[in-house]
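Beneath this line is the structure, given in structure tokens, with notes to follow.
The values are calculated or read from the model by the stated rules, or taken from the named source; none is laboratory data. Because the structure is a prediction, the values reported are computed rather than measured. Cβ: placed from backbone, ideal geometry, glycine included. Neighbour counts: every protein chain shown.
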Amino acid sequence: MQSEALVGVVMGSDSDLPVVKDCLAILEELEIPAEVRIMSAHRTPAQVMEYATQAEKRGLKVLIAAAGGAAHLAGVLAAYTLLPVIGLPILGRSLAGMDALFSMVQMPPGIPVATVGVNNGRNAGLLAAQVLSLTDAAIKERLLKYRQSLAQSVVEKDRRLQGEGFRGYSS
Ligand code: RP5
């Protein structure tokens, strides 16, 4: 089925949703159509394969894979598509998220996964937006405005710090 979405966000479990929400929120803020699915490299491997092999034909341009633990989701998606795959490692019940981080970032040569920090859903969305901005001037413009707003907030904090001093300043 053809998709309106440009970004396909896949998470290994609904327990990943609190982090994935940050990713979906920034995509929404940047007006980038995205779809979100629950699929597991371990529990529903056939669906993951089907999704990845159809993704490009359906019109998706970038995939984001969120998973925790022995997080193979991003790597398996990447194995079945030439679309760029962004890995979003989720902090699990042990090992401080290092298990998921290494599972994604340490892909063997040949099948890369562009991995963001543990639980950094916002960066996963932004990186997807930057990929899309290479061929979409409107998205690029919105990303530039986003960067300007980030800079502005630092400038305002500094101004407040200078006025209130470090003892009076509350972050
Ligand atoms: C991974 O296992 C999921 O991405 C999730 O982060 C983790 C735990 O899944 P649940 O047991 O909460 O469903 O596949």
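Scanning the stretch 5-45 for residues that are more than 20 Å from Val118 (Cβ to Cβ) and out of contact with any strand residue (DSSP E or B) (no Cβ under 8 Å at 6 or more places or on another chain) yields Glu29, Leu30, Glu31, Arg43, Thr44, Pro45.
Annotation note: of Arg159, Arg122, the sole residue that is without any contact (Cβ under 8 Å) to a residue 40 or more places away in the chain, away from the ligand (no atom under 14 Å from the Cβ) and among the charged types (D, E, K, R) is Arg159. Cβ-Cβ distances below 9 Å connect the following pairs, each with a first residue in the stretch 39-66 that is touching a residue at least 60 places away in the same chain (Cβ under 8 Å), a second residue that is assigned to a strand (DSSP E or B) and of a type outside the set (Val, Ile, Thr), and a separation of six or more residues or different chains: Lys61/Gly8; Val62/Gly8; Ile64/Gly8; Ile64/Met11; Ile64/Ala34; Ile64/Gly87; Ile64/Leu88.
Taken over the stretch 5-46, residues that are of a type in the set (Asp, Glu) and either under 15 Å from Gly69 (Cβ atoms) or outside the structural domain of Gly69 (by TED's automatic domain parsing) (or both) amount to 2.
If I filter the stretch 10-36 down to residues being within 16 Å of the ligand (Cβ to nearest atom) and within 21 Å of Lys140 (Cβ to Cβ), which single residue comes out as surrounded by the most Cβ atoms within 10 Å (Cβ to Cβ)? So that I can check it myself, show each step before the final result.
Within the stretch 10-36, the subset within 16 Å of the ligand (Cβ to nearest atom) is 10-24, 36.
Going one step further and asking which of them are within 21 Å of Lys140 (Cβ to Cβ), we end up with 23-24.
Numbers: Cys23: 29, Leu24: 20.
Taking the candidates together, the pick is Cys23.
Here Asp99 passes the criteria (1) in a helix (DSSP H, G or I); (2) farther than 16 Å from Ala124 by Cβ; (3) away from the ligand (no atom under 12 Å from the Cβ); (4) of a type in the set (D, E, K, R) except the one numbered (3). Of the residues making up the stretch 60-94, those that are within 9 Å of the ligand (Cβ to nearest atom) and of a type in the set (Val, Ile, Thr) number 1.
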